[in-house]
Amino acid sequence: MRDLGTLGGRESDGVDINVWGQVAGTADTADENARAFRWSPSEGMKDLGSVSGANNSRAIAINDLGQVIGDAFTAMGRHAFRWTASGGIQDLGTLGEYDTQPAGINNLGQVAGRSLLSNGNFHAFRWTSTGGLRDLGTLGGPSSVATAINDLGQVVGGAKLADGSTHAFRWTAAGGMQDLGALGGQYSNATGINVRGQVIGTYRLNDGGDRAFRWSASEGMRDLGAFYPHAINALGQVVGVGSGVPGPIRAIRWTASGGMQDLGTLGGRESYAYDINDLGQIVGMADTNVEFQPHAFRWTPSGGMTDLGTLEGMYDSTAGAINIRGQVTGVSSMADGERRHAFRWSP
């Protein structure tokens, strides 16, 4: 586990990692501003700056080209940006008002998110370098929100219907916004999509309980069980956090052949899974046998759950993202929460 440092202040967080081991995150500066950063082995931590009118910025994701997306708060609201090594930081604009929030970036540099219209409703958008912000519309109601985008440019999220219910959607350039249904209920929302166009999300039962789903063009919406899905890989494997079931919260892995699998803990009571790569390796956070001292973990199909430890002098840690090489990023912190540093862990 390698300490990525800060930008002169006290804290930093690693939120995403690409295939080259470059990490995106947010770090404090010496003048107590928060700035988006990109860390690489050759350059270390680079301050990505901010959009005009804002002192702060925050990174959300990084693609395999090293491009970073995030947002910044100005006096007029939130602005989404994309940063590239050649062009620096670029304000992505809005769909009519001041608030634009990015959710994901693909390896073509396309960005998905939501933007506030002049009528006060959010609409999902897809941004491209040639076309700018494109309003993706709704499912007949007033609003929509995009949560993820894949390398085919397909966008997923949730949108209002005319009757007031919310349904998960998948948007494609050829077909527009497609209602994915809600398995008979009034609510569903998509949270992720893989390169095969398989979609994950949650739907709500009529009695109020939330459950995970996976949607595909061939199968439609399929119930996965009572957990919240965080990520899906190219194999269609899903990871998340168990909810709505008796007992403690646990990291969950779902596969088409095996269904829901409890990934266990590091000796304590609870665990949380946040990301999975295309080799089926999973990262998250799990309780150890020391109370209130959770550690980051990496789980593999052959080796199970491995404790990644903490940074020197730190008390706990959590892992939020993993690349295809098994490299992990996250944050390690003191027990009192007064100091947090981003890390990169390599096998």
With a cut-off of at most 12 other beta carbons within 10 Å, and DSSP calling the residue loop, which trypsin sites (Lys or Arg not before Pro) in the range 53-112 qualify? Please list them.
none
Taking θ = phi - 60°, what integer Hz values does the Karplus form 6.51 cos²θ - 1.76 cosθ + 1.60 yield along the range 156-173, in sequence order, with x for Gly and Pro?
10, x, x, 9, 6, 9, 4, 7, x, 6, 10, 10, 5, 9, 10, 10, 10, 4
Match the structure shown to one of the listed values (i) 20.6; (ii) 21.3; (iii) 21.9 of Kirkwood radius over Cα pairs in Å, computed from it, and give that label.
(i)
Rounded percent of accessible protein surface that carbon and sulfur make up, the range 159-297, 1.4 Å probe
48
Output wanted: per-residue J couplings in Hz (rounded whole) for the range 248-262, from phi through Karplus 6.51 cos²θ - 1.76 cosθ + 1.60, θ = phi - 60°, x for Gly and Pro.
x, 6, 9, 5, 10, 10, 10, 10, 4, 8, x, x, 7, 10, 6
So, in nm, how far is label Asp223 from label Glu32 when the simple model puts each one 7 Å beyond its Cα toward the Cβ?
5.3
Would you mind getting me the FRET efficiency between Arg269 and Glu338? Use the beta-carbon distance for r and R0 = 30 Å, nearest 0.05.
0.75
Order these peptides, 11-23, 168-180, by their mean beta-carbon neighbour count within 10 angstrom, highest first.
11-23, 168-180
All-pairs Cα distance distribution in the range 239-310, expressed in whole percent, bin size 10 Å:
22, 56, 21, 2
For the range 1-155, with all protein chains present and a 1.4 Å probe, just round the carbon and sulfur fraction of the accessible area to a whole percent.
44
What net charge is computed for the residues neighbouring Pro41, neighbours being all others with C-beta under 11 Å from the C-beta of Pro41, Lys and Arg scored +1, Asp and Glu -1?
+1
Extend 7 Å from the Cα of Leu279 along its Cα-to-C-beta direction; within the range 300-316, residues with backbone N under 20 Å of that point are 300-309
Hey, could you grab the Kirkwood Rh for the range 266-347? Inverse mean 1/r over distinct alpha carbon pairs, Å, one decimal.
12.5
By how many nm would the segment from Asp3 to Asp262 lengthen if fully extended, with 0.36 nm per residue of separation less the alpha-carbon distance?
90.2 nm
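The values are calculated or read from the model by the stated rules, or taken from the named source; none is laboratory data. Keep in mind the model is a prediction, meaning the values are calculated, not measured. Positions of Cβ are generated from backbone atoms using ideal geometry, with glycine treated the same way; all protein chains shown enter the neighbour counts. Side chains included, ligands, DNA and RNA excluded: accessible areas come from the protein's heavy atoms. Shrake-Rupley method; radii C 1.70, N 1.55, O 1.52, S 1.80 Å.
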